[in-house]
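Heads up, the thing below is written out as structure tokens.
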């Protein structure tokens, strides 16, 4: 458990270990999410990436890709026909 003090302006310093675990860097944004009376503190970038991943779930199979190699071969094929 970590402890932080709230300043008169409502600011806190996020403890270093928490910043490391959340992979937070200067300028990153965070989400505060209420869940059953508890507050979760999340890295906004990681939340956005997860949302995109969840939104694309199953799309590779729909496109006929069953392995990562299928995707690589498709990209190579596209690159050959692309106008540069």
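Sorted by average packing, counted as other Cβ atoms within 10 angstrom per residue and highest first, what order do 1-8, 22-29, 49-56 take?
Details: 1-8: 7.4, 22-29: 11.2, 49-56: 9.5.
Ranking, from highest mean packing down: 22-29, 49-56, 1-8.
How large is the helix-only mean residue ellipticity at 222 nm for the chain, computed as the sum of -39500 (n - 2.57) over DSSP H runs with n ≥ 4, divided by its residue count, in deg cm²/dmol to the nearest 500? Show your work: numbers first, answer last.
Numbers: 4 runs with 37 residues, N = 84.
For the chain, the value works out to -12500 deg cm²/dmol.
What the Cβ-Cβ distance of residue 8 and residue 48 gives, at R0 = 41 Å and to the nearest 0.05, is a FRET efficiency of 0.80.
By the equivalent-ellipsoid construction on the alpha carbon gyration tensor, the chain comes out with semi-axes of 41, 16, 11 Å, ordered largest to smallest.
Take every Cα pair under 8 Å in region 16-81 that's 6+ residues apart, average their separations, divide by the length, and report that relative contact order as a whole percent. The partial results should precede the final answer.
Values: 32 pairs, mean separation 11.9, N = 66.
Computed value for region 16-81: 18 percent relative contact order.
With a Förster radius of 41 Å applied to the C-beta separation of residue 17 and residue 79, the computed FRET efficiency comes to 0.40. Value of Rg to Rh for region 36-84, rounded to two decimals, is 1.24; Kirkwood radius and Rg both from alpha-carbon coordinates.
None of the figures in this text is laboratory data; all of them are computed from the coordinates on show. Source: prediction; values computed, not measured. Positions of Cβ are generated from backbone atoms using ideal geometry, with glycine treated the same way; all protein chains shown enter the neighbour counts.
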